[in-house]
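Here it is, the structure in full.
Bear in mind these aren't lab numbers, they're just calculated from the coordinates by the rules spelled out. Quantities reported herein were computed from a predicted structural model and do not represent experimental measurements. Using ideal geometry, Cβ is built from the backbone for each residue, glycine included, and neighbour counts are taken over all protein chains shown.
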Ligand code: FES
């Protein structure tokens, strides 16, 4: 099956973006957008559909197993992991591939997601002494560890923008975990920051629930974090 991948490209941050299409023949139902990007870049000469010689497509990946989040991008209008996006599941044989739009584009499909980590730092989300572990906190820790900080939830969120006061869903898993594990002083500090940077700005559209590649139940996670930080309920349950 032949697919046409139309890639949104940009050489440098300051350049205008443009679209460029490449043909890729898939021989397996298991081929993903990541498979196609690797194959295109592996060609001796990369030519677009008009026969123009092109530079390799810049994109990021690491695990290729849906575990690191590096390959998050917008595929046919939906934020998802390139290593998970099966070409055979695309409705047409034309596939639009764009970088995540909420983050500054560095080049082609590579974006600067450092805000994800800056926001975790601003919220002070690290343990400062031994964790208070019990059955409840261990369950929270397990659920929290599913988040791979890919940024898909922020891409779809109508309230998040880089540099804004609202930090979005990506900080909630770690907040929820730490609120169940930390001592009282750190608990109060993080709860206060959570209310300012998450609870107050969340419009509860829950669009994040529909795009999380790890299938995290973001609604349940928000309810848990709100119970802990806002209503001060359920810390030890
Ligand atoms: S390369 Fe790690 S999630 Fe896709």
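Over the Cα atoms of the chain, what is the Rg over Rh ratio if Rh follows Kirkwood?
Rg/Rh: 1.05.
If the viscosity is 1.002 mPa s and the temperature 20 °C, what translational diffusion coefficient in µm²/s does Stokes-Einstein give for segment 2-111 when Rh comes from Kirkwood over Cα pairs?
Rounded, D is 154 µm²/s.
For the pair residue 220/residue 195, report the inter-label distance in nm, with labels modelled 7 Å from Cα in the Cβ direction.
Placing both labels 7 Å beyond Cα along the Cβ direction yields 2.7 nm.
Please check which bits of segment 46-67 a label hung off residue 145 would reach, taking the label as a point 7 Å along Cα-to-C-beta and the cut-off as backbone N under 20 Å.
Taking a point 7 Å out along Cα→Cβ of residue 145, the residues of segment 46-67 whose backbone N falls under 20 Å are 63-67.
Same structure, new question: Of the residues 204, 11, 91, which exhibits the maximal mean-square fluctuation in a Gaussian network model of the chain defined by a 10 Å Cα contact cut-off?
Most flexible of the set in this elastic network: 91.
Consider all pairwise Cα distances in segment 114-229 and report the whole-number % of them above 16 Å. List each step's numbers first, then the result.
Values: 3697 of 6670 pairs.
Beyond 16 Å sits 55 percent of the P(r) for segment 114-229.
Once the piece of chain linking residue 184 and residue 114 is laid out straight, how much longer is it, given 0.36 nm per residue of separation minus the C-alpha distance between them?
Full-extension gain reported as 22.2 nm.
In addition: For helix 172-181, report the angle its Cα long axis makes with the longest principal axis of the Cα atoms of the chain; keep it between 0 and 90° and round to the nearest 10°.
30
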